[in-house]
1. How far is it, in nm, from the label point at F56 to the one at H39 when both lie 7 Å from their Cα along the line to the Cβ?
2. Expected output is a single nm value to one decimal: the length gained when fully extending between S29 and R73, i.e. 0.36 nm times separation in residues minus the C-alpha distance. What is it?
3. As a check on your grasp of the helix formula, calculate [θ] at 222 nm for the chain: sum -39500 (n - 2.57) over DSSP H runs of n ≥ 4, divide by the residue count, round to the nearest 500.
4. Determine, for the chain, the count of lysine pairs separated by eight or more sequence positions (or lying on different chains) whose alpha-carbon distance falls under 30 Å.
5. Could you work out how much longer the chain between S82 and E22 gets when fully extended? Use 0.36 nm per residue separation minus the Cα distance between them, nm to one decimal.
6. Based on Cβ point charges of +1 for Lys and Arg and -1 for Asp and Glu, what charge dipole magnitude is obtained for the chain about its Cα centre, in debye rounded to the nearest 20?
7. For the chain, calculate the relative contact order in percent as a whole number, restricting contacts to Cα pairs under 8 Å that are 6 or more residues apart.
8. Tell me which of G30, S8, V20 sits at the most positive position along the dipole axis of the chain, charges placed on C-beta atoms (Lys, Arg +1; Asp, Glu -1).
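Only the coordinates and a few stated rules stand behind these numbers; no lab work does. None of the values given here were measured: they were computed from a predicted structure. Because the Cβ atoms are built from the backbone with ideal geometry, glycine has one as well, and the counts that use them run over all protein chains shown.
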Amino acid sequence: MFKNWTNSSKRYMLVTVLGVVENDLNKTSGVVTNHLHFHVSSDSINDLRKLWNHNFIQQRFETPNQHFIADMREKKIVEFLSVCM
């Protein structure tokens, strides 16, 4: 299962969950009606940080979830972006 999930030649992976508001990705406030669970791979950790800090992501990330950047070669989390306990 881990190999299927991490099947990428890129070194780093951003893992996050975004809330979809009223079934519309263009809305930034309202009732969250769905979630996008996704990961983005890159050889640049800075590119993933920029993506995470983009307004589109920041207005939609779901706080009760963990969001992190993982080093796929070393198989460890290198940066927690948002953690809710």
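1. That separation, rounded to one decimal, is 2.1 nm.
2. That works out to 12.1 nm of additional length.
3. -4500 deg cm²/dmol
4. 9
5. Values: separation 60, 0.36 × 60 = 21.60 nm, distance 2.33 nm.
Difference between extended and current length: 19.3 nm.
6. 280 debye
7. Computed over the chain, the figure is 31 percent.
8. S8
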